[in-house]
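Worksheet for the structure shown next.
The values are calculated or read from the model by the stated rules, or taken from the named source; none is laboratory data. A quick note: this is a predicted structure, and the numbers were derived from the prediction, not measured. Reconstructed Cβ throughout: ideal geometry from the backbone, glycine too, with neighbour counts over all protein chains shown.
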Amino acid sequence: MFKKLFGQNENYIDSELSAEVPLPKHVAIIMDGNGRWAKRRFLPRIAGHKEGMNVVKKITKYASSLGIEVLTLYAFSTENWKRPTDEVDFLMKLPVEFFETFVPELVEENVRVNIMGYRENLPAHTLKSVEDAIEATKHCTGLVLNFALNYGGRAEILSATKAAILELKEEGRDPEDITEADIDNHLMSQGLGDPDLLIRTSGELRLSNFMLWQLAYSEFYFTEVHWPDFKEEDFLQAMIDYQNRSRRYGGL
């Protein structure tokens, strides 16, 4: 199977990737470095975001071909509204262009679109493009392409805890008896499972308020490669690294 995925690069794959060790079911990516990629080329920051969108298409198709079940991409954080207005406006237009050109391929690849984040703050055109993509792919049964859009980890934990406590009260249970499962049931990622692997590009070594609850026992993979330069080979290298990890979840 892997030879077909890379063609000329088959030796690279055969020498590293194990067919006996499972790949991660859920991969999350902090797509970092678009601005720095553009700056190095004396281009506006939006050029980096544009190129980054093309990389999303490539990595989505490749992850699907590997059999990854969920791919969660950190597309826009609740803190990103602090960026310059023209950059934010461009970022809010990107989903429109992305889904207009990519939804037919997603359907063909049997990829289902999902979103987690605070929809009420998104511009109408952005929200419509996302909801249309969700509707168009709702019958797909392959990879779930999950976008974290206007998402913040601390806010998610807070809102999930409040919702869980309210539910406990409505059920006549003591809020003191709240469990992790109660909070899990109100997270935006409900039904997707926690990420097995987090990838962050561009050399930064932090979580940036991303899936703080869900990443408790995830494996982390950091690379110096800027997101617009991130290729299928780079994604594969993260899979190889994951296969060489020993996941003990606090045990021996």
A careful count of residues in the stretch 212-252 that are part of a loop (DSSP other than H, G, I, E, B), polar (S, T, N, Q) and at pLDDT 95 or above gives 3
Would you be able to tell me the number of residues in the stretch 1-26 that are modelled with pLDDT of 95 or more and either touching a Phe, Trp or Tyr at 6+ places or on another chain (Cβ under 8 Å) or over 30 Å from residue 116 (Cβ atoms) (or both)? 2
Just one of (1) surrounded by fewer than 23 Cβ atoms within 10 Å (Cβ to Cβ); (2) within 18 Å of residue 126 (Cα to Cα) trips up residue 52, so point out which. (1)
Quick check: anything in the stretch 196-207 surrounded by 12 or more Cβ atoms within 10 Å (Cβ to Cβ) and among the hydroxyl-bearing types (Ser, Thr, Tyr)? yes
With the condition kept exactly as written, say whether any residue in the stretch 235-251 is touching a residue at least 60 places away in the same chain (Cβ under 8 Å) and among the acidic types (Asp, Glu). no
Residues being touching a residue at least 24 places away in the same chain (Cβ under 8 Å) and either crowded, with 19+ Cβ neighbours inside 10 Å or acidic (Asp, Glu) (or both): count how many of those fall in the stretch 104-128. 12
In the list 111, 107, which residue meets the criterion of being within 18 Å of residue 31 (Cβ to Cβ), of a type outside the set (Phe, Trp, Tyr) and touching a helix residue (DSSP H, G or I) at 6+ places or on another chain (Cβ under 7 Å)? 111
Any chance you could count how many residues in the stretch 179-232 are within 13 Å of the chain's Cα centre (by Cα) and among the small types (Gly, Ala, Ser)? 2
Give the residues of the stretch 162-188 that are touching a His at 6+ places or on another chain (Cβ under 9 Å) and surrounded by 16 or more Cβ atoms within 10 Å (Cβ to Cβ), sorted by residue number. 164
